[in-house]
1. Determine whether region 42-65 contains at least one residue that is touching a strand residue (DSSP E or B) at 6+ places or on another chain (Cβ under 9 Å), at pLDDT 85 or above and buried (at least 16 other Cβ atoms within 10 Å of the Cβ).
2. Hey, can you tell me all the residues within region 27-46 that are farther than 13 Å from GLN95 by Cβ and either in contact (Cβ under 8 Å) with a residue 60 or more places away in the chain or in contact with a Lys or Arg (Cβ under 6 Å, 6 or more places away or on another chain) (or both)?
3. Of everything in region 12-38 that's among the β-branched types (Val, Ile, Thr) and at pLDDT 85 or above, which residue is nearest to TRP86 (Cα to Cα)?
4. Exactly one of these conditions fails for ASP77: (1) part of a helix (DSSP H, G or I); (2) farther than 12 Å from LEU114 by Cβ; (3) modelled with pLDDT of 85 or more. Give me its number.
5. In region 17-40, what residues are surrounded by 18 or more Cβ atoms within 10 Å (Cβ to Cβ) and within 12 Å of the chain's Cα centre (by Cα)?
6. Restricting to region 25-45, name every residue that is over 18 Å from VAL113 (Cβ atoms) and in a helix (DSSP H, G or I).
7. Which of (1) more than 23 Å from TRP86 (Cβ to Cβ); (2) not in a helix (DSSP H, G or I) is the odd one out, the single condition VAL9 does not satisfy?
8. Would you point out which residue out of LEU71, LEU91 is open to solvent by 50 Å² or more (accessible area, probe 1.4 Å) and at pLDDT 85 or above?
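The values are calculated or read from the model by the stated rules, or taken from the named source; none is laboratory data. Only a predicted model underlies this, so the values are computations on that prediction, with no experimental measurement involved. So basically every Cβ, Gly included, is an ideal-geometry build from the backbone, and we count neighbours across all protein chains shown. Note: areas computed on protein heavy atoms with side chains; ligands, DNA, RNA excluded. Shrake-Rupley method; radii C 1.70, N 1.55, O 1.52, S 1.80 Å.
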Amino acid sequence: MNDQGRRRVGILVGVGLACGLLPGIALASTETLDKALAVLMAVIVMTIINQLIFVGPSGRVPLPALLAFGLAGYVQDALVWWLLSWLGPKLGNMQVEGLGTILLAALITRGTVLLLSQLTPTAETAED
């Protein structure tokens, strides 16, 4: 899997974890399909913005660079979650309540993206 694929999987897993773990993210409907569509909408918005404004390493980097990328990406993800807190009730059944929830969701999302961006198979690095 290339770097773009790992980043998209990281966003999918991170948004899913944030929606599932954080009590401040409410999926208003009781139907499973509506909940899945609300999470999918959040993943699509997050993926599009992260593709347009790319912040992050393209492979393994030293720790200081990883921290810098992580901080910049964290700010970007927090702004996207803030946008989702506004868009969620308008486009789906998702409500993001409070600044703390936004910051924790951004931390979970960016942490997952950075973790997956640093996992490179040895066969892939040998080909580069």
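1. Step one: list which residues in region 42-65 are touching a strand residue (DSSP E or B) at 6+ places or on another chain (Cβ under 9 Å), which gives 42.
Checking which are at pLDDT 85 or above leaves us with 42.
Of the ones still in play, those that are also buried (at least 16 other Cβ atoms within 10 Å of the Cβ) are 42.
Checked region 42-65: at least one residue is touching a strand residue (DSSP E or B) at 6+ places or on another chain (Cβ under 9 Å), at pLDDT 85 or above and buried (at least 16 other Cβ atoms within 10 Å of the Cβ).
2. Residue satisfying the conditions is MET46 alone.
3. Going residue by residue through region 12-38, those that are among the β-branched types (Val, Ile, Thr) are 13, 15, 25, 30, 32.
With the extra rule that they be at pLDDT 85 or above, the set shrinks to 13, 15, 25.
Numbers: VAL13: 22, VAL15: 16, ILE25: 12 Å.
The extreme case among them is ILE25.
4. If we test ASP77 against (1) part of a helix (DSSP H, G or I); (2) farther than 12 Å from LEU114 by Cβ; (3) modelled with pLDDT of 85 or more, just (2) comes out false.
5. The first filter runs over region 17-40 and keeps only residues surrounded by 18 or more Cβ atoms within 10 Å (Cβ to Cβ), leaving 18-19, 22, 25, 27, 35, 38-39.
Those that are surrounded by 18 or more Cβ atoms within 10 Å (Cβ to Cβ) and within 12 Å of the chain's Cα centre (by Cα): ALA18, CYS19, VAL39.
6. Those that are over 18 Å from VAL113 (Cβ atoms) and in a helix (DSSP H, G or I): THR32, LEU33, ASP34, LYS35, ALA36, LEU37, ALA38, MET41.
7. So VAL9 meets the others, but not (2).
8. Details: LEU91 fails: at pLDDT 85 or above.
Residue meeting the stated conditions: LEU71.
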